[in-house]
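A.B. asks: First the structure, then my questions, so here it is.
Readers should treat all values here as calculations from the given coordinates under stated rules, not as data from a laboratory. A quick note: this is a predicted structure, and the numbers were derived from the prediction, not measured. Here the Cβ positions follow ideal geometry from the backbone for every residue, glycine too, while neighbour counts run over all protein chains shown.
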Amino acid sequence: MAEGWSRERMLGERVARFDKLTPTRKSFVDTAVDGHQRDIFMVIGNGVNEDSGHRPAIEDHRDFAVGIISAEPGHGASLHLHTTIEMFMPLDGSWAIFWLDQNGDQQEVVLEKHDVISVPPGIFRGFRNESAEKALLFAINGNTDPGRVEWPQEMLDKAAAKGYALDENGNLLETGAGQ
């Protein structure tokens with residue numbers, strides 16, 4: 001049987017209030033590149049976040065990590081790869097989820113509010129707010145250690161031109177170059 005949990009302890013360690021979450025705008029190297037700016041709210045665990053200074057609202061993240069993405073119209077994540085499953089569900093608005101198929105061709109599906117997609121591990125994927133206004137996207141990464149994001153070299157080069165790179169541990173660095 002699990003240890004006892006008082007209401008106070010549950011509220012202190014296991015409840016995340018959306019209006020109290022602090023987003024990071026530097027969660028990934030692609031956020032430096034036009035069209036990929038977004039806010040990431042790390043709710044449970046840090047997932048694959050590259051902002052080493054950002055802490056999630058709920059630290060314990062056995063078997064999964066949860067985040068909420070907020071983006072303006074036309075903005076979202078560029079193609080990137082995870083070694084784990086990633087699930088997306090629009091909380092509002094319409095979101096395009098895109099990926100590269102086995103031939104390297106980009107495929108896409110547009111999800112509406114509360115639709116769900118589960119993207120398999122090991123394929124390049126991205127997402128974009130297709131709405132006319134700012135919208136929220138709910139995301140879950142599988143696994144206690146979801147690893148790091150793999151980026152196409154083209155995206156790393158674009159970010160470097162804007163003054164962003166990744167260190168040897170995969171954490172975001174502001175190099176100042178190109179600014």
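A.B. asks: Taking each pair of different alpha-carbon atoms in the range 68-179 once, compute 1/r for the pair, average those values, and report the inverse of that mean as the Kirkwood hydrodynamic radius in Å to one decimal.
C.D. replies: Evaluated on the range 68-179, it is 15.0 Å.
A.B. asks: So which lysines can Lys113 reach, going by Cα to Cα under 20 Å and dropping same-chain residues fewer than 8 places off?
C.D. replies: The reachable lysines, counting only those whose Cα sits under 20 Å from Lys113, are Lys134.
A.B. asks: Of all the stretches in the chain, which is the longest one without any exposed loop site, taking GluC sites (Glu not before Pro) in a DSSP loop (any state but H, G, I, E, B) with at most 12 other Cβ atoms within 10 Å?
C.D. replies: Formally, the longest exposed-site-free interval is 4-58.
A.B. asks: What does the charge count around Glu130 come to, taking other residues whose C-beta lies under 15 Å from its C-beta (Lys +1, Arg +1, Asp -1, Glu -1)?
C.D. replies: Overall, the nearby charge balance is -2.
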